[in-house]
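**Q** Pasting a structure below so you can have a look.
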Amino acid sequence: MLERLFRGFRGEAEAAPAEGEERTRLAAAALLVTAAAMDDIFDDAERVRIQELLARRFDLDEGAAHRLLAEAEALAIASVDLHGFTQTIKEGFDFDERLELLEMAWEVVYTDGVLHDHEANLLRRLAGLLAVSDRDSGEARRRVRARLNVE
């Protein structure tokens with residue numbers, strides 16, 4: 001199944017509607033994993049945070065969120081193509097959902113309380129690829145910092 005979804009990200013196959021929703025979820029999860037790994041440390045705290053975010057956003061039980069995270073980790077390791085993931089998300093999410101995903105990514109990178117240069121760069125790139133303005137991305141970042149009480 002992962003290979004079928006991976007082909008879909010590369011544009012090699014058209015996805016059925018149910019598969020399209022699944023691809024969008026997987027793309028979102030893969031972007032969160034990519035954000036978490038950007039500082040070369042992807043620890044259990046970040047995995048737990050991502051799993052909680054996925055469960056809440058997609059209304060998944062713990063097992064389904066865990067499976068989605070595992071698939072996303074495998075996909076993120078196999079691919080460095082942000083464009084495929086973000087294109088899938090742009091097709092599947094409206095603006096508010098894309099902004100919510102970006103806020104989720106900010107939450108992931110601040111899990112350890114520190115924003116690394118590579119993480120900040122990735123989030124700027126993601127905002128552009130998701131058609132989210134710098135202003136809206138900055139507001140999402142401020143909301144996360146306030147919620148997590150990060151200086």
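The values are calculated or read from the model by the stated rules, or taken from the named source; none is laboratory data. Here the structure is a predicted model, which is why all the values come from computation and not from measurement. Every residue, glycine as well, gets a Cβ built from its backbone with ideal geometry; the counts of neighbours run over all protein chains shown.
**Q** Taking Ala127, is it free of Cβ contacts under 8 Å to residues at least 60 places away in the same chain, among the small types (Gly, Ala, Ser) and in a helix (DSSP H, G or I)? Step through it out loud before you land on a result.
**A** Working: free of Cβ contacts under 8 Å to residues at least 60 places away in the same chain: yes; among the small types (Gly, Ala, Ser): yes; in a helix (DSSP H, G or I): yes.
In short, yes.
**Q** So Ala127 clears everything in (1) closer than 16 Å to Arg23 by Cβ; (2) of a type outside the set (Asp, Glu); (3) at pLDDT 95 or above except one condition, right? Which one?
**A** Failed condition: (1).
**Q** Further question on the same structure: Can you tell me how many residues in the range 69-110 are in a loop (DSSP other than H, G, I, E, B) and charged (D, E, K, R)?
**A** At the first step, the residues of the range 69-110 found to be in a loop (DSSP other than H, G, I, E, B) are 79-81, 93-94, 110.
Of the ones still in play, those that are also charged (D, E, K, R) are 81, 94.
Total meeting the criteria: 2.
**Q** Taking only the range 55-86 into account, find how many residues are among the polar types (S, T, N, Q) and farther than 15 Å from Leu32 by Cα.
**A** Residues that pass the stated criteria total 0.
**Q** What residue, of Ala140, Ala74, Ala45, is of a type in the set (Gly, Ala, Ser) and without any contact (Cβ under 8 Å) to a residue 60 or more places away in the chain?
**A** Ala140
**Q** Which condition number in (1) at pLDDT below 95; (2) surrounded by fewer than 23 Cβ atoms within 10 Å (Cβ to Cβ); (3) not polar (S, T, N, Q) is the one that Ala36 fails?
**A** (2)
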